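The values are calculated or read from the model by the stated rules, or taken from the named source; none is laboratory data. Keep in mind that this is a model prediction, so the values were computed, not measured. Cβ placement follows ideal geometry from the backbone for every residue including glycine, while neighbour counts extend to all protein chains displayed. Areas reflect the complete protein model, heavy atoms only, side chains present, ligands, DNA and RNA absent. Shrake-Rupley method; radii C 1.70, N 1.55, O 1.52, S 1.80 Å.
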Amino acid sequence: MHHEIKSIKKLKFPHGFLWGTATSAYQTEGNNTNSDWWAWENSIKRHNELISKGLNPKDFFSGIACDSYNRYDEDFSLAEHLGHNAIRIGIEWSRIEPREGGFVGKELEHYEKVLQSAKAHGLTTFVTLHHFSNPLWFMKKGGFTREQNVQNFVRFVEIATRRLSENVDFWITINEPEIYSTASYLIGKYPPQEKSLWVAFKVVNNLIKAHNLAANFIRHNIRKPVSMAFHLSDFQPWGFFGDFAASITHYFANEYILKRTINQCDFIGVNYYNHHHVGILGLRKKSHSKHDVTDLGWSIHPEGLERVLVNLKKYHKPIYVTENGLADHRDKKREKFIKEHLYYLHNAIMKGADVRGYLHWSLIDNFEWSDGYGPRFGLIEIDRDDLLRRKVRYSATKFAEICRNNYLEY
Ligand code: BGC
């Protein structure tokens, strides 16, 4: 009997490739009491919404999160032991400026220590300035729905970047403007739960303005590379008029913000999670029955990452994957997920995309926004019944081999 012998290839990544994970401040630090998310989680409206769905509000309250505000050194040390040479973290605007114009020196000092610790563990740092959450005072005056409020964000960026840049290698102004505007202002999933196309569109345009002003400041005064973390998805045609539907969707979902901010980006940060088949009747949810899904029901479609990355070649900027990951509480799919995405990322490099790093979402299980603590995205498990003990998952050790080798055996 003949067995087909599949030859294993070593796919080498470019010299100096960055390997690591991404996290955000609000999802990991805990007790961000001056944020709009904290107020929303504690509101009667949210409480009643969860009860009416038969859910336990306790599981949807961020509370102490992963206590990374205090345990950051332990987290960075784990990253170092897993062979990572980079990390993406966030700083929380509502901590640094809990009242309008009242910047808290002690919190800036805290982040300085956090960054020093990341450096001491040999990690190249990507730092996000806005990742979904806002100071409550900022939201009370309309947040990003009002153009005149953009200057509040820019002032925060000026103060934070002047103070912290020494240990920051890459700045990310805003995480996923596409998701923030739609989840908070179009589909009503995230606070303030508005449902208005017009308001969502205004927010998109104000976020574009906010990025351009903030990045212009960083590029000229701080002189560190800057980008947004763009949420880019793969849209494939489906059925009648599919080509037309997919290209329109691709334009509005992927290119609209990118084209208006690219001149103020030194690199392109890519968050890749989704693939859709698009027909004239809209998005087709289940993309391919042959594809596996995550615990959140998202289809796993690694080929799409190659198309997303190759499409960015036209911008002639370095590319970093600033997020890619899955909810998989049993850790059954993560190793394969990572390897397949890296295989297609490597293909994109072979086709000329200048990809220089891969940051997996996420280092540790964390607060998954309106889905609470159920979804487990971490390479490292957080045991919420045992003092938030960190437990390294098997997939993390397999990813560590790739990081250390700078190649993938596939
Ligand atoms: C966000 C993260 C989130 C992840 C998984 C991204 O859209 O930036 O904050 O946890 O997706 O849903």
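Listed values, structure above:
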{"item": "Residues located in the stretch 211-230, provided they are among the polar types (S, T, N, Q) and within 15 Å of the ligand (Cβ to nearest atom)", "result": "Ser227"}
{"item": "Within the stretch 145-193, considering residues that are closer than 21 Å to Ala39 by Cβ and basic (Lys, Arg), the one least open to solvent (accessible area, probe 1.4 Å)", "result": "Lys189"}
{"item": "Of residues in the stretch 351-370 being closer than 22 Å to Phe76 by Cβ, over 13 Å from the mean Cα position of the chain (by Cα) and more than 12 Å from the ligand (Cβ to nearest atom), the one surrounded by the most Cβ atoms within 10 Å (Cβ to Cβ)", "result": "Gly357"}
{"item": "All helices (runs of 4 or more DSSP H) inside the stretch 114-210 with 2 or more residues being more than 16 Å from the ligand (Cβ to nearest atom) and of a type outside the set (Gly, Ala, Ser)", "result": "136-140, 150-164"}
{"item": "Only one of Gly372, Gly325, Gly357 that is closer than 28 Å to Asp266 by Cα, touching a helix residue (DSSP H, G or I) at 6+ places or on another chain (Cβ under 9 Å) and among the small types (Gly, Ala, Ser)", "result": "Gly325"}
{"item": "In the stretch 382-393, residue farthest from Ser77 (Cα to Cα) [restricted to those that are in contact (Cβ under 8 Å) with a residue 40 or more places away in the chain and outside any loop (DSSP other than H, G, I, E, B)]", "result": "Ile382"}
{"item": "Members of the stretch 371-402 that are within 14 Å of the ligand (Cβ to nearest atom) and surrounded by fewer than 18 Cβ atoms within 10 Å (Cβ to Cβ)", "result": "Asp371, Gly374"}
{"item": "Some residue of the stretch 13-22 being in a loop (DSSP other than H, G, I, E, B), under 21 Å from Arg71 (Cβ atoms) and within 15 Å of the ligand (Cβ to nearest atom)", "result": "no"}
{"item": "Breaking point among (1) buried (at least 23 other Cβ atoms within 10 Å of the Cβ); (2) in a helix (DSSP H, G or I), for Val310", "result": "(1)"}
{"item": "Test: Gly325 is crowded, with 21+ Cβ neighbours inside 10 Å, within 16 Å of the ligand (Cβ to nearest atom) and either in a loop (DSSP other than H, G, I, E, B) or at pLDDT below 95 (or both)", "result": "yes"}
{"item": "Condition check for Pro135: buried (at least 18 other Cβ atoms within 10 Å of the Cβ), more than 30 Å from Glu303 (Cβ to Cβ) and either touching a strand residue (DSSP E or B) at 6+ places or on another chain (Cβ under 7 Å) or among the hydrophobic types (A, V, I, L, M, F, W, C) (or both)", "result": "yes"}
{"item": "Residue check for Lys45: among the charged types (D, E, K, R) and farther than 27 Å from Asn149 by Cβ", "result": "no"}
{"item": "Qualifying residue in the stretch 396-405 (condition: of a type in the set (Ser, Thr, Tyr) and within 20 Å of the chain's Cα centre (by Cα))", "result": "no"}
